[in-house]
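Structure first, then comments.
The values are calculated or read from the model by the stated rules, or taken from the named source; none is laboratory data. Just so it is clear, the model here is predicted, and its values are computed rather than measured. Glycine also receives a Cβ, built like all others from the backbone with ideal geometry; neighbour counts cover every protein chain displayed.
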Amino acid sequence: MSASPPQPKRFGLARVLSKMGLASRTEAARLIEAGSVQVNGKTVRNPEHPVRMEADTVSMHGAVAQPMAFMALMLNKPRGMLTTRSDEKHRPTVYDCLPKDLPWLAPVGRLDMASEGLLLFCNDPKWAAGLTDPATGPDKTYHVQIDRLPDDELLRALRTGRESDVGFLAVKRAVVLRQGDRNAWLEIVLDEGRNRHIRRLLQAFDINVLRLVRTAIGGLALGDLPKGRYRELSAAEVALIDDA
């Protein structure tokens, strides 16, 4: 007896829309629950409804959903903006810097509200997950202004690491860029990144961060992109990140 042909793999409907680059899982779930998504011509309101991507037809707002072409852009995030699409307290977000008619794009990782610099957006969740994975993601470079003058002992200690309120933290590289009479700028490189990694580590040494600017991800540098401005990445620039 001949073996039966393999059946198409099933995924939850919200995950399918995310894999197609049309929405985040959360946004897709909202669209589905609102009745905006159809599977094989029938409205489905369950975000976990099983879908065979190779066999079923998914529509949004009455039009057949097509996978989006890969798109990634970089933003020079200003200080004082949240890395989120919306905020219940109506504080400014990074999406205020982007045109309202852009296709769906999600931040790749985060910069906290007080931090500035290079922030990526893309419509490919798998690519984004690879960049933010501590084991596979590229190094991230930051310029950090601190409220004291560092010495060699401090730089060694940052590389050696220290326990913090979220566990053990360390940096891959720390060097002095420039210093004045009372404060200094460091260049810090991370090969992993926990929430508020640099701030928490420096706080463990009783050092306050005055400014924190991400200047590079892998081989992609922020360059002279003005604050609050964005631009789409070229294929060569995406390769600079992927090959890091």
Within the stretch 93-100, does at least one residue satisfy the condition of being surrounded by 16 or more Cβ atoms within 10 Å (Cβ to Cβ), within 24 Å of residue 210 (Cα to Cα) and hydroxyl-bearing (Ser, Thr, Tyr)? yes
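Answer with yes or no whether residue 203 is free of Cβ contacts under 8 Å to residues at least 60 places away in the same chain, touching a Phe, Trp or Tyr at 6+ places or on another chain (Cβ under 8 Å) and farther than 16 Å from residue 134 by Cα. Spell out the reasoning first.
Working: free of Cβ contacts under 8 Å to residues at least 60 places away in the same chain: yes; touching a Phe, Trp or Tyr at 6+ places or on another chain (Cβ under 8 Å): no; farther than 16 Å from residue 134 by Cα: yes.
In short, no.
Counting only residues that are assigned to a loop (DSSP other than H, G, I, E, B) and in contact (Cβ under 8 Å) with a residue 40 or more places away in the chain, which one in the stretch 181-194 is nearest to the chain's Cα centre (by Cα)? Don't jump to the end; show me each part of the working.
So the first thing to find is which residues in the stretch 181-194 are assigned to a loop (DSSP other than H, G, I, E, B), and the list is 181-183, 191-194.
If we keep only those that are in contact (Cβ under 8 Å) with a residue 40 or more places away in the chain as well, we get 191-193.
Working: 191: 15, 192: 13, 193: 11 Å.
By that ranking, first place goes to 193.
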Being among the β-branched types (Val, Ile, Thr) and assigned to a strand (DSSP E or B) is the filter; apply it to the stretch 51-68 and report the residue that is farthest from residue 229 (Cα to Cα). 51
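Quick one: would you say residue 161 is at positive phi, surrounded by 12 or more Cβ atoms within 10 Å (Cβ to Cβ) and in the same structural domain as residue 202 (by TED's automatic domain parsing)? Talk me through it step by step, then tell me what you get.
Numbers: at positive phi: yes; surrounded by 12 or more Cβ atoms within 10 Å (Cβ to Cβ): yes; in the same structural domain as residue 202 (by TED's automatic domain parsing): yes.
So residue 161 fits the description; yes.
Matching residues to (1) under 26 Å from residue 223 (Cβ atoms); (2) under 19 Å from the mean Cα position of the chain (by Cα); (3) surrounded by fewer than 18 Cβ atoms within 10 Å (Cβ to Cβ):
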{"position": "18", "(1), (2), (3)": "no, yes, no"}
{"position": "31", "(1), (2), (3)": "no, no, no"}
{"position": "42", "(1), (2), (3)": "no, no, yes"}
{"position": "52", "(1), (2), (3)": "no, no, yes"}
{"position": "55", "(1), (2), (3)": "no, no, yes"}
{"position": "91", "(1), (2), (3)": "no, no, yes"}
Condition broken by residue 155, with the remaining ones in (1) in a helix (DSSP H, G or I); (2) under 17 Å from the mean Cα position of the chain (by Cα) satisfied: (2)
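Hey, among 199, 178, 211, which residue is part of a strand (DSSP E or B) and closer than 22 Å to residue 94 by Cβ?
Values: 199 fails: part of a strand (DSSP E or B); 178 fails: closer than 22 Å to residue 94 by Cβ.
Answer to the selection: 211.
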Going residue by residue through the stretch 113-128, is there one that turns out to be part of a loop (DSSP other than H, G, I, E, B), surrounded by fewer than 19 Cβ atoms within 10 Å (Cβ to Cβ) and not assigned by TED's automatic domain parsing to the domain that holds residue 25? yes
The stretch 30-59 residues that are in the same structural domain as residue 14 (by TED's automatic domain parsing), paired with ones that are among the aromatic types (Phe, Trp, Tyr) (beta carbon under 9 Å, 6 or more apart): 50/11; 51/11; 52/11; 53/11
Which of (1) within 23 Å of residue 234 (Cα to Cα); (2) acidic (Asp, Glu); (3) surrounded by 13 or more Cβ atoms within 10 Å (Cβ to Cβ) is the odd one out, the single condition residue 133 does not satisfy? (3)
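Looking only at residues in the stretch 69-109 that are among the basic types (Lys, Arg) and part of a loop (DSSP other than H, G, I, E, B), which one is farthest from residue 229 (Cα to Cα)?
Going residue by residue through the stretch 69-109, those that are among the basic types (Lys, Arg) are 77, 79, 85, 89, 91, 100.
Then keep just the ones that are part of a loop (DSSP other than H, G, I, E, B); that gives 79, 85, 89, 91, 100.
Values: 79: 13, 85: 17, 89: 24, 91: 19, 100: 14 Å.
Of everything passing the filter in the stretch 69-109, 89 is farthest from residue 229 (Cα to Cα).
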Could you check the stretch 137-168 and list, in sequence order, the residues that are more than 20 Å from residue 182 (Cα to Cα), of a type in the set (D, E, K, R) and in contact (Cβ under 8 Å) with a residue 24 or more places away in the chain? 139, 140, 162, 163, 165
